[in-house]
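Below is one structure, written out as structure tokens, with a few remarks after it.
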């Protein structure tokens, strides 16, 4: 009799685990916070959950409980009714200065006919470090760093740097040759390029562009910026993308004496700042925002600029939506289907990053990356990630 009861209890426990464990693994992939519009009920976001899960709604959150008893997850709800922004699609020039001087490599040192290894490298300096002080004096650009090294009368330099967010100190023994001090270091303090404007918020004049971070070409790390400027630009030529060889838009800054605005942030979701000279963009018609729960696999459009004629719409397909707990530039897989765009560019090419994605007359995201071996296929980012970093939503 006891064995029979134990067997029944074990069966019940097993059945509960069979239902509960997959449910837990499904729910753990849900975001901690979701954005919804007035036209979409939060229930639609969770329509695929197990029927054994009970969802309880309040004004600002919802709780998911297994059988109404076991707490599985609490999700914060952020509702933005009829939120509208101005879509971009225009080519823009980007120029940013680093926060400190970025180490990008090391060099041999020629001294009295001998070739010596970099003393900076021997002292523990690494590629990707940001040098901010030399002998207790701040440095903000390459010229200042070079000057402080040359003018030092000490046999060693005390360097302060930032590595992966941590403040470190290093002592470098200087190699002296005649009146020169040498440490064997390659550095960079700025970068520039061309990308695409994604959106402008009409109320705050805040903008978002690129949809992905600016990274240093040598270190492949996020470029920590001190400040930057956004410029009007013109596309002068392009290189068509091919399998294994990404294409590229080539542009010029049309008026470097009159920036469009300031770049204040460089994040995993793009670059952000405020437009001072905004007449070019604010005349465009606003579009309603479509959050991730409104994004559907299927037909959509992008707005982008590939020549001197300015922004145009081109057809694409959203192949797959991807689950994301944190902000990042790979939210959905997209495919260029527009025959004209494919003929001109081969698909997605460098410089198109930031091109807004439109679906059902709503701006839902931006183009971010291309697949090197499939130039007609790439990634897009959910617009909500960019709106967060632009300060339009929180």
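The values are calculated or read from the model by the stated rules, or taken from the named source; none is laboratory data. None of these values were measured; they are calculated from a predicted model. Don't worry about glycine lacking a Cβ; one is built from the backbone with ideal geometry, like all the others, and counts go over all protein chains shown.
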Region 230-254: number of residues that are over 14 Å from residue 94 (Cβ atoms) and outside any strand (DSSP E or B): 6
Failed criterion for residue 91 (all others in (1) modelled with pLDDT of 60 or more; (2) not assigned by TED's automatic domain parsing to the domain that holds residue 327 hold): (2)
Members of region 277-297 that are over 17 Å from residue 196 (Cα atoms), over 23 Å from the mean Cα position of the chain (by Cα) and in contact (Cβ under 8 Å) with a residue 40 or more places away in the chain: 285, 286
Single residue of region 267-282 satisfying the filter (farther than 18 Å from residue 386 by Cα and in contact with a strand residue (DSSP E or B) (Cβ under 9 Å, 6 or more places away or on another chain)) that is modelled with the highest pLDDT: 276
Elements of type strands (runs of 3 or more DSSP E) contained in region 94-207, each with 2 or more residues being surrounded by 19 or more Cβ atoms within 10 Å (Cβ to Cβ): 130-134, 156-163, 180-182, 185-200
Criterion: touching a helix residue (DSSP H, G or I) at 6+ places or on another chain (Cβ under 8 Å) and farther than 25 Å from residue 204 by Cβ - qualifying residue of 352, 332: 352
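Here is a yes/no grid of residues against (1) modelled with pLDDT of 70 or more; (2) assigned to a loop (DSSP other than H, G, I, E, B):
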{"position": "8", "(1), (2)": "no, no"}
{"position": "15", "(1), (2)": "no, no"}
{"position": "49", "(1), (2)": "no, yes"}
{"position": "86", "(1), (2)": "yes, no"}
Meets criteria (crowded, with 18+ Cβ neighbours inside 10 Å, at pLDDT 90 or above and in contact with a helix residue (DSSP H, G or I) (Cβ under 9 Å, 6 or more places away or on another chain)) for residue 214: no
Among the candidates 131, 175, 125, residue that is closer than 16 Å to residue 105 by Cα, touching a residue at least 40 places away in the same chain (Cβ under 8 Å) and in contact with a helix residue (DSSP H, G or I) (Cβ under 7 Å, 6 or more places away or on another chain): 131
